[in-house]
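Visitor: Dumping the structure here so I can ask a few things about it.
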C-alpha cells in the first residue's frame, strides 16, 4: 500500500517492528496480547499486535490498518508460539474485511491519534490463556512507571520470531520525553515514551501493548506501540506509544459492549 502525504520523509519516525534483546514469554504470561496477519493476494502477511480489552474488541494502532479496507484479518489469541497451531490455549479468529474503526483524526505524517479498534464477530470466552487488559484511569500520567512491552516484532538478526517476546521498561514524563525528542518535531501530550537503556533495544511491534502489572496480577494497558525515534535503535533512543488514557472517551464511543 502506498500512502501519499505532505510530510518530510527524512524526518518521519520509523514504525515500531522490533523487540531486540527481549525475553521469551511464558504461556499465560500475557493473556491480553494478540498478534494478527493481513490477507494480501490470498497470503497471510504478519502485520501487527494488539490488546484484548473486551469480549469483542481488540485495541491496536491506526497505522497498522490504514488502507486495509479490503483485506481479512487473522487474529492469534492465547498464543505464545504462533507457528504451533496445536499449542495449548491458542485460538485463531478470522475477521472479515472492514471490521475495524480507525480514529477519525489519525494523521500518518504527524503520527497522531494512532489508535484503532478491531471488532470481533462473536464474543470471546475468557480463560487462563485469553483475558482482557484493564483500561487506565482517565488522565493518568504514568510517568516513571515500571511497565512491560510485548509482541512478535523483529528480533536480533532482523527476522520475525514465532515466539512472543517481552521487555521491561520505564516510562518517561512528558517533560522528559519532549526534552529528549528531535527538536524539529512537534510533541503531543497523547504520546507516552519509554527510553531504551540497552544497546540495540527497540521495544515492541506496532499496535502491541505497553502494560502495567497490577498488585492483583491483572494488567492495565497504558500504551499502544506506535513509532521509534531511530531506525538503528542506539542507546537512549526514544520509543513512542499512543497514551491510552487520553482516548478513553473515544474507545467508549466506539465499543459496543
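The values are calculated or read from the model by the stated rules, or taken from the named source; none is laboratory data. The structure presented is a predicted model; accordingly, all values stated were derived computationally and were not measured. Neighbour counts run over all protein chains shown; Cβ positions are idealised from the backbone, glycine included.
Visitor: So if I check each of 118, 92, which one is in contact with a helix residue (DSSP H, G or I) (Cβ under 9 Å, 6 or more places away or on another chain) and under 26 Å from residue 257 (Cα atoms)?
Guide: 118
Visitor: Can you work out which of the residues in the stretch 108-118 that are within 17 Å of the chain's Cα centre (by Cα) and surrounded by fewer than 19 Cβ atoms within 10 Å (Cβ to Cβ) is modelled with the lowest pLDDT?
Guide: So the residue we want is 108.
Visitor: On the basis of being touching a residue at least 12 places away in the same chain (Cβ under 8 Å), out of contact with any strand residue (DSSP E or B) (no Cβ under 6 Å at 6 or more places or on another chain) and under 14 Å from residue 130 (Cα atoms), does residue 29 make the cut?
Guide: The answer is yes for residue 29.
Visitor: Search the stretch 76-104 for residues that are on the phi > 0 side of the Ramachandran plot and pair each with any residue that is part of a strand (DSSP E or B) and surrounded by fewer than 18 Cβ atoms within 10 Å (Cβ to Cβ) when their beta-carbon atoms are under 9 Å apart and the residues are at least 6 apart or on different chains.
Guide: 78/91
Visitor: At pLDDT below 90, touching a helix residue (DSSP H, G or I) at 6+ places or on another chain (Cβ under 7 Å) and surrounded by fewer than 17 Cβ atoms within 10 Å (Cβ to Cβ), is that true of residue 156?
Guide: Taking the combined requirement at face value, the residue does not satisfy it.
One line per residue, one yes/no per condition, for (1) in a loop (DSSP other than H, G, I, E, B); (2) exposed (fewer than 15 other Cβ atoms within 10 Å of the Cβ); (3) at pLDDT 95 or above:
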position: 2; (1), (2), (3): yes, yes, no
position: 5; (1), (2), (3): yes, yes, no
position: 10; (1), (2), (3): no, yes, no
position: 27; (1), (2), (3): yes, no, yes
position: 30; (1), (2), (3): yes, no, yes
position: 45; (1), (2), (3): no, yes, no
position: 48; (1), (2), (3): no, no, no
position: 64; (1), (2), (3): no, no, no
position: 75; (1), (2), (3): no, no, yes
